[in-house]
Structures are given as structure tokens and as C-alpha cells.
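Structure first, commentary second.
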Amino acid sequence: MRQKLAAGNWKMNGLVSDLGMIDTLTSAHPKPSSEVLLCLPATLIAPAVQRFAKAPVSFGGQDCHAETSGAFTGDVSAAMLKDAGATHVILGHSERRTAYDEQDDAVRAKAQAVTAAGLTAIICVGESLEDREAAKTLDLIGGQMSGSIPDEATGGNFVLAYEPIWAIGTGLTPTMDQIAEVHDFMRAQLEDRFGEGIGQSVRLLYGGSVKPANADEIFAVPNVDGALVGGASLKAEDFGGIVKALDAAEG
């Protein structure tokens, strides 16, 4: 059984004063059956870990450098994130791929650094609206998976997130058939590459305008093991509603 995962990505939002949201979240959901993860700005990871050491929530980073240390001003290594208390790191998010021109080989190198540090890599893949309309979705995602996922990947150190670029922060959501097609394809690709054991053990998340109103429907789709949530993860009520829906799907 793959434990469901509700992962929130705060992106470049949040100060220490905003951590009260997590108090509200964990008070409302003290014993979730799903794993709950918040990927915070690097400045908030250590204080969050210290403050919520006994709460049913883990914390992660949103990116890292492929090297363990060096003359890389402004960057953060996987070892630094682990030292702060992180358990996961998001890699290859469409905002990084687009705004910073991150290519698959760079994502793979970062994933290798993350797993070497003993953390779990959440690797993101997804197509643009242009790719979707040109019927290139599966070819593009297959290429991103092949180039971004390291050979060392297992269900214990790796999570794969499908985030259609055109659905992130737009309010647009693919149909359930479209989500199912991509998630079934990703599962088959993982099994072909790593074998059925590892391929079945990797959790597949959907991300892109996930909210309480559509969470039940999304989590009912086969091979959807949870969500990578953006804006809705900043509000305890919204993210809590998603956690509740995922717990119901777990049961």
C-alpha cells in the first residue's frame, strides 16, 4: 500500500509570523491517515521543525543545488536542507524549468544530491497548453521522466508529481480522464524502467489548481496518490479540506 501524500508548496510566501497557520491545520487534523508535508521557504524550515516537532506534519524545501557545498552564492544544498530538518525537496517545478531554464539533466543531478543526502525528491513533470493542444503531452512527460529521474530512484526516496503547466494557479483543471491518462502512463513508464516492485511503490501526485471543491473527484482517479498543492496550502481551511478528502480516499 502506498500511503497517500498531501504536499503543500508555499513558494516564495511566508514569514515566521505565518506559521500559526500550521497550528490551525494540525489542531483541526491531529491524526491524519495521509502523510502531510509542507515545503516552505528555506528560512522557515528550521523554526517550523522546532515548533511542530510533535505535530503530524513534515517539512521540505523547494529546490536545492546539485553540489554539497561551494562558491554558489544564494544557493542551498540538500545537506543544508536536511540539517534544517527537511525530509523532502521539490525539484523540476515548472516555475524552475520555465523561469530558470532548468533542463532535465540539472533536475536529475539535483535528485541524485537529494537522495544521497537521505532526503526524498519530489520531481515535477508537466506540459504546456501548447503541448497539450498539439497532442504532445505523453511524449513530453515521458522525456522529462527519462531525463529527470535518476537510476537510484525507489518508492522510498522519490515521488513523482504531474503538474500541467496550464493548470497551475489558473483555476483550470484537466478532466478526470486526462489526469487518469497521464497517471496511468507514468505508472507504466516507471514499471517498464524499474520493474513492477519499484514502479508500483512510487507515489504519484497531481498538482494544478487543487482545492477542497475538486479534491474528492481528483483523489478518486486511479494512480493518484495525493496532491502537490500551491496556493491552497497557504490557508489552513483550504489545505485541511484537501487533507480531509485525501484521508477519505485513503480509507
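Brief remarks on what is shown
- Choice from 32, 222, 212 showing the highest fluctuation, given a GNM over the chain with Cα pairs closer than 10 Å: 222
- Rounded to whole Hz, the Karplus (6.51, -1.76, 1.60) HN-Hα couplings of the stretch 57-68, x for glycine and proline: 8, 10, 10, x, x, 10, 4, 7, 8, 6, 8, 7
- Leading residue at positive end of dipole, the chain (Cβ point charges), from 5, 245, 48: 48
- Taking Cβ atoms as reference points and 14 Å as the exclusive limit, the residues near residue 212 contribute a net charge of -2, counting Lys and Arg as +1 and Asp and Glu as -1.
- Paramagnetic reach from residue 54 in the stretch 14-31 [backbone N under 19 Å; point 7 Å along Cα→Cβ]: 20-31
- Of the chymotrypsin sites (Phe, Trp or Tyr not before Pro) in the stretch 27-72, those whose Cβ has at most 11 other Cβ within 10 Å and which sit in DSSP loop: 72
- Most to least packed among 97-106, 73-82 [average Cβ atoms within 10 Å]: 73-82, 97-106
- Distance from the Cα centroid of the stretch 96-174 to that of the stretch 185-251 is 15 Å (rounded to whole angstrom).
The numbers here are math on the coordinates, done by the rules we state, and not lab data. Everything quoted here is computed from the prediction, not taken from an experiment. Every residue, glycine among them, receives a Cβ derived from its backbone with ideal geometry; neighbour counts consider all protein chains shown.
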